[in-house]
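To start, the structure itself, in structure tokens.
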Amino acid sequence: MSPTDPIASDPAARLARRRRLTRGLALLTALLMLGVIGLSAFIRLAQTPLAGADFADAIAIARAAHRVSASALLVLAFMLLATTLLLRPVLRRAARLASGIVACTLWLAALGMASRGSTAPAVVLGNLLGGFAMFALCLRLALASRDDAAGHGGLRRPAGWALLALLLAIVLGALASATALPPSCDGWRECLEAARVAGWDWQIVNPWFAPTAGAGPGLLPRDAWLQLLHRGAGLLALLTLLRLDWAAWRQRAHAGTTPLAVLVALELLLLASALLPVGLAQALAHNLAAALLLGWLARWA
């Protein structure tokens, strides 16, 4: 760079370029993390009755791609931290988000090494929440700007409630998908009856309780109870999202119409994935739609 370069002699221009670099790295990390989320879900779900076929070769390829992607994520995470923290001036808000991204990466790496090959609900939940949290942090960092903070300040409370409700639905969905059993009920009435037979046992939400297909007849009611809780949490999330839609629509003069349009599109994508015929494709689509919506909500919350 020559001494006469305006960027070299203008601190504000250098800072702006550095912010653009940080947002670009964060967006790249978010896209890669979304791919890892999809690969992880495929590896897990393709080994359950939802798959309906033998995906042994595809699982082997997915595992290799997952390892390569996870290594790349670790490098990108530390690049983000270095870009925001080691140069002057320190980008304090971005550095906090980058630190969270590094923490999520290390958590996922440690969990993977400590529980290699395990399909226990606690391990599935730890992987899923770690991946979703990392994706949300990356997306928030990639889309962060002062204008967003000023324009969306009135949406923080409804977005926060929607985020919590969606997280609850995600946690219950992860617990339900962690079992190797096929879905044991279809519809609210059937699931309610199965849950009643199970005696409304709250032990089902214990992530360290990992039943196997030969463990006894109580498994199917347990699975039904989890499905019922997941659907109830999904309904609660839908109500909080509708409240957020209304708040965003009322604030559209300040926040603009694009964020609201993206939010509604993601909600429709999540609903559409939930209405698909139950199977591997439906589960994968539902998983990715939930991740995208969670990431967008984290931008506002």
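So here's what we get for this one:
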read-out	value
Pairwise label distance in nanometres, L192 with D57, each label 7 Å out on the Cα-Cβ vector	4.8 nm
Estimated inter-spin distance, V278 and A65, nm [label 7 Å along Cα→Cβ]	2.7 nm
Under-5 Å amide H pairs with G279, H placed in peptide plane, nonlocal only	none
HN-Hα J in Hz across the range 74-82 - Karplus 6.51, -1.76, 1.60, θ = phi - 60°, x for Gly and Pro	4, 5, 5, 4, 6, 5, 4, 5, 5
Cα shape, the range 30-153, gyration tensor, a/c 1.5 rule	prolate
Förster-model FRET efficiency, 25 Å R0, L268 and S118, C-beta, rounded to 0.05	0.10
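Values in this text are rule-based calculations from the coordinates and carry no lab data. These numbers were taken from a predicted model, which means no experiment stands behind them. Backbone-built Cβ (ideal geometry, glycine too); neighbour counts: all protein chains shown.
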